[in-house]
Structures are given as C-alpha cells and as structure tokens.
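Asker: Before I ask anything, let me first share the structure, which is written out below as structure tokens.
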Amino acid sequence: MASSSATTIASPSSSGSGITERRGIPGAQFVEDVQTYLNQLGLDVTSALAVLQERLQQYKLVEMKLLAQQRDLQAKIPDIEKCLDVVATLQAKKGTGEALVADFEVAEGIYSRASIEDSDSVCLWLGANVMLEYSCEEATALLQKNLDNAKASLEVLVADLQFLRDQVTITQVTIARVFNWDVHQRRMRQSPAVKDS
C-alpha cells in the first residue's frame, strides 16, 4: 500500500509492543525518549520532523485510497444483493405460468417495462463489457460468492483503516513530542543567558 521508496521510521526507544505492519502499511512507533530517538537515528530535530511529516503524508495518501475502496465496496454490496433478489424472484415465479412484469433502467433516467416468461437462465454483467448467461442456480451461487467476498473485503478494509488511523495518531503525537522537546531545549539553552543579563 505504501510506496516502496518510503523512509522507514523506527524508534529503538519505543515500547515495541505495537504491530509493525499490517498488509503493507508500516506501523508507527511511539517515541518515549526524543533525545535517544534523535541520537539513534542520527537526525537533528528539523530532519526528524521532515521525515515524520513525510510519513504522515504517506499515511494520509493510503487512507484516501482505502476510503475510496471502502466506498466502492459499500456501493457494490447493495447491487449484488439486488441481483440476488431478482434471481430469487425469477426462481419463485418459475413454473407458476405467471409472467413477471418488471421495470428496468435502459439508460440513466430512462426505464422500460418488460414481461419475463419462465426462464431457466439469467445474464450477468461481469464487467469490462462482458455479459455471460448462467442458469439461475449458477447465478445465485456466483452472486452469493461475490457477496461473501465483498463483505469479507469490507471487514478487512475497515480493520486496515482503523490500523491506519492509529498510525496517523501515533505519528501526530510523535511530531508534537519532537517539536515540544525542541522548544523545551531551546528555552533551556536561553535561560542561562537570560539569568546572566
């Protein structure tokens, strides 16, 4: 998920009890001792803050991608459920001799009415301008499998987003700690000069 050129931020002084990665999303580690953190990375405050800000931006980019995937799945699941309902309705009407009257969308905002006689098959759009004919039983099995996969993917995506939000929070806290430590160090260096004058 994150770019391969991403700079790895590790803190040897951190607690180490957190997850280091989840499905390609690197884990942020809480910095307990800023001085040790800077010394072990060999960075000054400005460089450390730049690295942390870059990591934060990478997390935000990954979050945008995951949110887009989540929106797609949340739109896809109701569509699959509607298709399953239509196939179930066709199967229920099968053999009754009664035609199913349905309104369907031809184009955006344009509908047409159709009378559907007994049918042993349905056609499903598979994407990329591909439509295949399936028996009602095969269509139900395929749609149910797709629905189960979409729901499972959504669950994983929600967990990924929660993990990512935790990493964003940890990174933001680390940025604040490094910045505040730097401000405190500057004040400590200035305070003897103030006392002398």
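Asker: Which members of segment 89-100 meet the condition of being part of a helix (DSSP H, G or I) and surrounded by 13 or more Cβ atoms within 10 Å (Cβ to Cβ)?
Answerer: Result: Thr89, Leu90, Gln91, Lys93.
Asker: At pLDDT below 90, under 22 Å from Phe163 (Cβ atoms) and either of a type in the set (D, E, K, R) or loosely packed, with under 12 Cβ neighbours inside 10 Å (or both): is that true of Glu63 in this structure?
Answerer: no
Asker: Could you look through segment 138-157, keep only residues that are within 18 Å of Lys82 (Cα to Cα), touching a residue at least 24 places away in the same chain (Cβ under 8 Å) and of a type outside the set (A, V, I, L, M, F, W, C), and pick out the one that is most open to solvent (accessible area, probe 1.4 Å)?
Answerer: Residue satisfying both the conditions and the ranking: Lys151.
Asker: Of the conditions (1) at pLDDT 95 or above; (2) over 26 Å from Gln162 (Cα atoms); (3) open to solvent by 60 Å² or more (accessible area, probe 1.4 Å), Leu84 satisfies every one except a single condition; which number is it?
Answerer: Unmet for Leu84, out of (1) at pLDDT 95 or above; (2) over 26 Å from Gln162 (Cα atoms); (3) open to solvent by 60 Å² or more (accessible area, probe 1.4 Å): (3).
Asker: Condition test on Thr169, is it open to solvent by 30 Å² or more (accessible area, probe 1.4 Å), β-branched (Val, Ile, Thr) and closer than 30 Å to Ala48 by Cα?
Answerer: yes
Asker: What's the number of the condition Trp125 fails, among (1) among the aromatic types (Phe, Trp, Tyr); (2) open to solvent by less than 60 Å² (accessible area, probe 1.4 Å); (3) more than 27 Å from Glu32 (Cβ to Cβ)?
Answerer: Only one criterion in (1) among the aromatic types (Phe, Trp, Tyr); (2) open to solvent by less than 60 Å² (accessible area, probe 1.4 Å); (3) more than 27 Å from Glu32 (Cβ to Cβ) is unmet by Trp125, namely (2).
Asker: Then there's this: Looking at segment 102-154, which of the residues that are assigned to a helix (DSSP H, G or I), touching a Leu at 6+ places or on another chain (Cβ under 9 Å) and polar (S, T, N, Q) is nearest to Ala88 (Cα to Cα)?
Answerer: Thr140
Asker: Checking the condition more than 26 Å from Leu157 (Cα to Cα) and out of contact with any strand residue (DSSP E or B) (no Cβ under 7 Å at 6 or more places or on another chain), which residue from Tyr134, Tyr37 passes?
Answerer: Exactly one of Tyr134, Tyr37 is more than 26 Å from Leu157 (Cα to Cα) and out of contact with any strand residue (DSSP E or B) (no Cβ under 7 Å at 6 or more places or on another chain), namely Tyr37.
Asker: Let me ask something else about it. Quick one: what pairs do we get from segment 26-47, first residue more than 18 Å from Gln58 (Cβ to Cβ), second aromatic (Phe, Trp, Tyr), C-beta under 7 Å, 6+ apart or different chains?
Answerer: Val34/Trp181
The values are calculated or read from the model by the stated rules, or taken from the named source; none is laboratory data. Keep in mind that what you see is a predicted model, and the values were worked out from it rather than measured. Ideal geometry is used to build each Cβ from the backbone, glycine not excepted, and the neighbour counts take in all protein chains shown. Ligands, DNA and RNA are stripped out before the accessible areas are found, and what is left, the full protein with its side chains, is counted by its heavy atoms. Shrake-Rupley method; radii C 1.70, N 1.55, O 1.52, S 1.80 Å.
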